[in-house]
Ligand SMILES: [Zn+2]
Ligand SMILES: [Zn+2]
């Protein structure tokens, strides 16, 4: 039987796209190494950067926190966990608890901001209150969540915000943007220095070269407890279709996801769109339109009051 390619130990995981057989320990090390390599290859961090990690309580974000705490140990970079509580009764409490527990265990400071504090409305209330059914719950949540993370990051004084998007997340979003004709979103998603400043704090995706199943395996091997239940509002049928197509193709043609990632990186950095950088007339956040996405949503859910309140 084939042994671990690195140390000759007991075989545990066969990495099809690289042809490596790995033991448990070498698999875990390989994830830490791969993340370190991604960070340096794309110059994601500068010396001494204070890093905010967006932690939702799922396997990806808890693994990211764990990995970054490990690879920055003894370095100048400080890490803080940034936790957004959207206000989803019976679901979010467990995730927040996992996030807080893991931060405490790693000795990482954490900050929590709820939708209620930021917008004076929970996600449950926003969804109940929404008047038009065109406004998908994931759109409301995603938009409000991104801003809440920005506010948390700014408050915590971080230089950079790390999100836990893995290889599959990045590819699915790329394909979904292609399928919906949203080319400007492809440009915005690259988040490099020269892209339009849609966020208050720079974003990085240190796990973007690690497949979803390897992140899950890492969380399992490291014994990281995470929330398994899926969000009660989740309704992403196109994303799940894209996910299964890509997984089927990867099974038949190992390495094809990395080819697609290369295409995404090349296309997103060469694509030019009209970058309309302005600021929102209600809340003064960076926006490509007169009114930003957050204020548009708060207005559409008939909650103008909270749109005005965040205009500070
Ligand atoms: Zn080994
Ligand atoms: Zn606004």
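The values are calculated or read from the model by the stated rules, or taken from the named source; none is laboratory data. Computed from a predicted structure; not experimentally measured. Note that we place each Cβ from the backbone using ideal geometry, even for glycine, and neighbour counts take in every protein chain shown.
Any residue at all in the range 185-194 that's at pLDDT below 85, touching a strand residue (DSSP E or B) at 6+ places or on another chain (Cβ under 8 Å), under 22 Å from residue 153 (Cβ atoms) and surrounded by 15 or more Cβ atoms within 10 Å (Cβ to Cβ)? Yes, because at least one residue in the range 185-194 is at pLDDT below 85, touching a strand residue (DSSP E or B) at 6+ places or on another chain (Cβ under 8 Å), under 22 Å from residue 153 (Cβ atoms) and surrounded by 15 or more Cβ atoms within 10 Å (Cβ to Cβ).
Restricting attention to the range 19-32 and to residues that are touching a helix residue (DSSP H, G or I) at 6+ places or on another chain (Cβ under 9 Å) and over 12 Å from residue 222 (Cβ atoms), the residue that is nearest to ligand 2 (Cβ to nearest atom) turns out to be 30. Taking first residues from the range 280-292 that are assigned to a loop (DSSP other than H, G, I, E, B) and partners that are within 16 Å of ligand 1 (Cβ to nearest atom), no Cβ contact under 8 Å between residues at least 6 apart in sequence or on separate chains turns up. Within the range 286-299, the residues that satisfy the criterion of being more than 9 Å from ligand 2 (Cβ to nearest atom) and more than 12 Å from residue 139 (Cα to Cα) are 286, 288, 289, 290, 299. Within the range 98-109, residues that are in contact (Cβ under 8 Å) with a residue 60 or more places away in the chain have Cβ atoms under 8 Å from residues that are assigned to a helix (DSSP H, G or I) in these pairs: 98/62; 102/62; 102/65; 102/66, counting only partners at least 6 apart in sequence or on another chain. Being within 16 Å of ligand 1 (Cβ to nearest atom) and at positive phi holds for only one residue in 90, 19, and it is 19. Taken as a whole, the structure places residue 262 among residues that are assigned to a helix (DSSP H, G or I), at pLDDT 95 or above and away from ligand 1 (no atom under 16 Å from the Cβ).
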